[in-house]
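Have a look at the structure below before the remarks.
What follows draws every value from the coordinates through simple rules; no lab data is involved. Keep in mind the model is a prediction, meaning the values are calculated, not measured. FYI the Cβ positions are ideal-geometry reconstructions off the backbone, even for glycines, and counts take in every protein chain you see.
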Amino acid sequence: MSTDTHSHPLLDVRDLCISFTSRGQSIPIVENMSFSMAGREILGLVGESGSGKSVTAMALMGLIDAPGVTITGSVRFKGQEILGLPAREFRALRGREIAMIFQDPMTAFTPVYTIGWQIDEQLRVHNKFSRKQARTRTIELLAEMGVPDPANTANRYPHQLSGGLRQRAMIAMALSCNPSVLIADEPTTALDVTVQAQILDLMRKLRTTHGSSILLITHDMGVVAETCDRTLVLYSGRVAEEGTTQDLFAHPQHPYTAALLASIPP
Amino acid sequence: MILPLLRRMGQTVFVLFGISALVFAVFFATPGADPTARIAGRNAAPQTMEKVRKEYGFDRPLPVQYAIMMKKLFITRDLASYANRGELVVPEIMRAAPVTLSLVTGAAIIWVVLSIGMGVLAAACKGSWIDRLLMMVGLIGISIPVFWLGQVVNLITQNRYHDTWLFSWVPGLGYVPFTQSPLAWFRALVIPWCVLAVMFVGIYSRILRADLVATMGEDFMRTARAKGLSPSRVLLRHGLRTALITFVSLFGMDFAQLVGGGALLTEVVFGLPGVGRLTYQALNSLDLPLIMATVMYSAVFVVLANAVVDAAYLFLDPRVRDVH
Amino acid sequence: MMTKPSDTPRTSAGPWQSALRSLLRNRSALASLAVLGLIVLACLCAPFYARHIAHVDPFVSNVAGTIMLDGQETDIMQPNDNPLHLGLSPIGPTGHTTYLLGADSQGRDIMARLLYGGRNSLLISFSAAVLCLIMAGAVGIVAGFFGGITDMVLCRLMDIMWAVPVYLFAISLSIVTITSNLRIGPFVIEADNLLIPIVIIALVYVPYAARPVRGRVIALRQAEFVTAARCLGVPRWRIVLHDILPNVSTTLVVMGPLLMAMALLAESALSFLSIGVQAPAASWGTIILDGEG
């Protein structure tokens, strides 16, 4: 990874506050959230639905542009403040340096284009690739993600693939430009249990093959235990507890964490 | 891919039969009136009545009458008008068809281009005054009856202000074939095109805006933005392309409806001798065979066009392709 | 337990009240409603206007007539304003109660005809919309609720009707009905009866309105409260009447104004083609036709 990581953390979030304004009233969604991520780290962000996990992810991607939403605090990526970055500069970052994969791979691909076309598109937007170069790279990526017969799969439409394959393609697309940070918003929730395990396996491998850090957002403590180095427990918009996954599981400090742990089926 | 197409063709044939039966029933099986008198026209002589009755088999059962009618319309094509001294009806329609086609095609190009522009702009500026203004304009366009607008435009361009520099180029009402003079053809049609397009611009821009706004909330639009694409690329390549599926299927139906008689009012107002105006003239002279023939041919055209639209749909939306 | 025949308060109080409340909040909707109300009111007052304000008979031609303007006797048909003063053209807007908007080519008061025409146009479009909703509701409910072959036959029939261009379909029906009086059993319907355009317009839009109703009914058929009613052994007609119909009514009500607008356009189009309202009666379509040339 780059040398920056020694001086700055890769991603450093300080006092992030997000609130929605509705009928003159400001409703806080995320309050004073702070955390940082090192290179090649898998950080878990856990919490029940409505605790502000996905909103945080969207804010990090700079994808919140609805009127009536205020975001304050600071988000530094490789030492550079990215909150409030001009749209054009943020766009260059998005997809190339910070990429994201979504919960439901069924609806996350545009239905009228082939999988390959959509991965090509991302490659060509961020690199000076010819159509052919892009497709070659796409096929490589798909193969790397364990997609069988990648050349053929690239020519298929999203609805023609199974959920697991779609999610692999999604990851391939997110990784196409070798981002430093990959935000995965509930990447396995919509999948079967066996497929879930395969995808998690793949994500663990990614940090060695692609050198990406992963921010894994989930409500499933089992997923966290299997995958994450460190874990952040979110409770109604605030960080309830933070620590290495091992510590957290061994000695939960916050009653909410304990309750979450207790909810894992044995 | 082949099977759904075949099934669609089967349906088309069925609907064609149904329509011909329906039109036949409307003209010849309405209760309480003698179809002979209708065909023969006003105050026909008894000999003519007798001839008509023989020719169309009105003394025979309904299915036979239906068969005779279909044969005269589509096979021998010798259906003749009584109100108009035995003029053959089918060739008359064939002569009028290019006029209607010119009118509708031109209008369609205008309304597609304008409504896509307006719809996309309104959706991109959702909630702003531009959005509200465009949608208001669209609503006004929808509410104006085309024959009123046409007459007002005629009043202005042909009459009141014809001699000013602005409208002196406007030719008198009527049609010039393209083959005769492309420029004159264009000048004769450009105003009718715009007038006919007004309502559709309104409808289509509003529909497209609604579709686009709905599409913006979809997950794949979020993915597209997360990929780092520019807003215009997200809106056009991903949003518009998806919303166009509905747009195109609607367009096909409306285009077919217009060619199949929907442009009648525009043709009448602007004196364009198309199929619609032919129907109108037949209405005034109560020329039943001619009306029936235009209705029947129009309906056939509409059905065939709808079949084409459905086939286009198969190409446009990969999801539909695999459903069957 | 099923002996509660009064069904209105139970089924519709909630949604209607909330709809009314949101209508009262929506200023542009209220303004539109007020304008529509004014137009309807003005049209209803057409005879009063003609007799007591304008003092004209809008149904007889009055080419040779004169009117009093500012104590001066003025011809209704004025000499043309072309250089040679050839021909006559009807008087323009006078600014007086008599012939407020001027005269048409037959010397009749346009304002009075406009109001009378509005009565016909509004009556036809309103009745046609209501009739269409009733028919479409019946077709949609029957097709959706009974399903199977009934559904298939009705759906194909609707498809076929909708494939014929709307105006051509209306024209075909009109031409047949106005060429000779329609005789249905003992009843004879005169060619100039307003019922004819009403029924025709209602009929051609049935496929358009029936389709969404059918979809709604199919969704409702699987709803839990319908299943519950079935399990209780409620007869089918009762389910249709008490469970399906009240729920479909919202779909119908939403479609009502839209249909009325379409019917209004269809009516004026038919009248413009002189196969709707027959002379000397007026409608907004015939008035546009009168203005031609």
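Per-residue shielding of B:296-303, expressed as the average number of other chain Cβ atoms within 10 Å of the residue Cβ, stands at 3. Where does region C:108-223 land on Rg/Rh, using Cα atoms and the Kirkwood Rh? Radius of gyration relative to Kirkwood radius: 1.08. Using Stokes-Einstein with the Kirkwood hydrodynamic radius over Cα pairs, what translational diffusion coefficient do you get for the protein assembly as shown at 4 °C and a viscosity of 1.567 mPa s, in µm²/s rounded to a whole number? Roughly 40 µm²/s, to the nearest whole number.
Tell me, which longest segment in chain B has none of the trypsin sites (Lys or Arg not before Pro) that fall in DSSP loops with at most 13 further Cβ atoms within 10 Å?
The answer is B:127-324.
Only DSSP H runs of four or more residues enter the estimate; each adds -39500 (n - 2.57), and after division by the residues of chain A the mean residue ellipticity at 222 nm equals -11000 deg cm²/dmol. Mean sequence separation of contacting Cα pairs (under 8 Å, at least six apart), scaled by the length of region B:96-317, corresponds to a relative contact order of 29 percent. Note on B:260-269: average number of Cβ atoms from other chains within 10 Å of each residue's Cβ is 4.
Counting only Cα atoms, region B:2-90 measures 55, 29, 19 Å along its principal axes, largest extent leading. The Stokes-Einstein estimate for region B:96-317, based on a Kirkwood radius over Cα pairs and taken at 4 °C with 1.567 mPa s viscosity, is a diffusion coefficient of 68 µm²/s. Site-free segments of chain A were taken between trypsin sites (Lys or Arg not before Pro) in DSSP loops having at most 15 other Cβ atoms within 10 Å, sites themselves excluded; the longest one is A:129-266. Across peptide A:105-118, the mean count of Cβ atoms from other chains lying within 10 Å of each residue's own Cβ comes to 5.
Among the DSSP helices (H) of chain B, those spanning at least 30 angstrom by Cα along their long axis with an average Kyte-Doolittle hydropathy of -1.0 or more are B:2-28, B:89-124, B:182-216, B:288-316; this is a geometric and hydropathy rule only. With a cut-off of 16 Å on the backbone N, the residues of region B:184-217 near the modelled label site 7 Å out from B:Ser128 along Cα-Cβ are B:213. Checking every one of the chymotrypsin sites (Phe, Trp or Tyr not before Pro) in region B:130-215 against DSSP loop status and a limit of 11 other Cβ atoms within 10 Å picks out B:Trp165, B:Trp169. Only bridges whose two residues both fall in the protein assembly as shown count here: according to DSSP, what percent of them are antiparallel, nearest 5? Of those bridges, close to 65 percent are antiparallel. Residues whose amide H falls under 5 Å from that of A:Glu241, counting only those 5 or more places apart or on a different chain, are A:Val233, with hydrogens built in the peptide plane. Extending 7 Å from the Cα toward the beta-carbon at both C:Trp16 and A:Glu31 defines two label points whose distance is 4.6 nm. Over 22 Å between Cα atoms: which of B:Lys51/B:Lys71; A:Lys78/A:Lys132; A:Lys53/A:Lys205; A:Lys53/B:Lys227; A:Lys53/B:Lys126 fall into that group? Result: A:Lys78/A:Lys132; A:Lys53/A:Lys205; A:Lys53/B:Lys126 exceed 22 Å.
When the Cα positions of B:Val170, C:Ile175, B:Leu244 are compared along the charge dipole of the protein assembly as shown, B:Leu244 comes out farthest toward the positive end, with charges on each C-beta of Lys, Arg, Asp and Glu.
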